[in-house]
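Novice: The structure follows.
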Amino acid sequence: IAKALIHCHKQRIVHGDVKVDNVLVGDDGEPLLCDFGCARVLHDNLFPNGQGTRINWAPEMFGERVTINEKIDVWGLGVIAYELLTGHMPFDAGGTVSDDDVVITHSLEDRKLIMARVLSGKYIPPQKLNKNISEEAIDLITTLFTFDPKQRPSLQHLLKTHPFFLGK
């Protein structure tokens, strides 16, 4: 997923809605990034409010007119990593759940709670939800969830330097 996002970023494209639902698995077992409906070319740097999946938004996405860059996809990868490694969403507020445990809607109160949780930058530490999570995975999630987008590293940098990706 990180490699697919890096490829997009090299083309100056921001996906804008990185989430588990937008990842398919190919016949060879490799993940495939899909649904580019919220994607933007970086020169068109204004992201209309309300696009994408709010529960996966980076903090900088909550505003009237949002200037975007590839750092929102870095945050989105953090949401995916957290969900895959814990089985939970980091900033969820509940919502209406169907019989097959799929969240259908979030009420206005849920949306406000999601926004407050994301803007606080606080989530349940992943090791409390998964006792077997590695230190490298915990550090990766923490790094991907760097609150200030200017301080959030690029995926290209992380892929080359982070112990999680280096297998250390």
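Novice: Tally up the residues in the range 137-150 that are at pLDDT below 95 and open to solvent by 50 Å² or more (accessible area, probe 1.4 Å), please.
Specialist: Number of matching residues: 3.
Novice: Determine the pairs where a residue that is more than 19 Å from LEU84 (Cα to Cα), located within the range 1-30, has a partner that is polar (S, T, N, Q) with Cβ atoms under 6 Å apart, the partner being 6 or more residues away or on another chain.
Specialist: Hits for this filter: ILE6/GLN156.
Novice: Another question about this same structure. Would you kindly identify the strands (runs of 3 or more DSSP E) lying entirely within the range 1-108 that contain at least 2 residues that are at pLDDT below 90 and either farther than 16 Å from LEU155 by Cα or open to solvent by 30 Å² or more (accessible area, probe 1.4 Å) (or both)?
Specialist: Passing ranges, in order: 46-48, 65-67, 103-105.
Novice: Scan (1) of a type in the set (Ser, Thr, Tyr); (2) open to solvent by less than 50 Å² (accessible area, probe 1.4 Å); (3) over 14 Å from ALA81 (Cα atoms) for the single condition THR161 breaks and write down its number.
Specialist: Tallying (1) of a type in the set (Ser, Thr, Tyr); (2) open to solvent by less than 50 Å² (accessible area, probe 1.4 Å); (3) over 14 Å from ALA81 (Cα atoms), THR161 fails exactly one: (2).
Novice: Note down all Cβ pairs under 6 Å where the first residue falls in the range 131-154 and is farther than 15 Å from GLY76 by Cα and assigned to a loop (DSSP other than H, G, I, E, B), the second is of a type outside the set (Gly, Ala, Ser) and open to solvent by less than 70 Å² (accessible area, probe 1.4 Å), and they're at least six residues apart or on different chains.
Specialist: ILE133/LEU85; ILE133/PRO126
The values are calculated or read from the model by the stated rules, or taken from the named source; none is laboratory data. Predicted, not measured: the structure shown is a model, and the values here were computed from it. Glycine also receives a Cβ, built like all others from the backbone with ideal geometry; neighbour counts cover every protein chain displayed. With ligands, DNA and RNA removed, areas are computed over all heavy atoms of the protein, side chains included. Shrake-Rupley method; radii C 1.70, N 1.55, O 1.52, S 1.80 Å.
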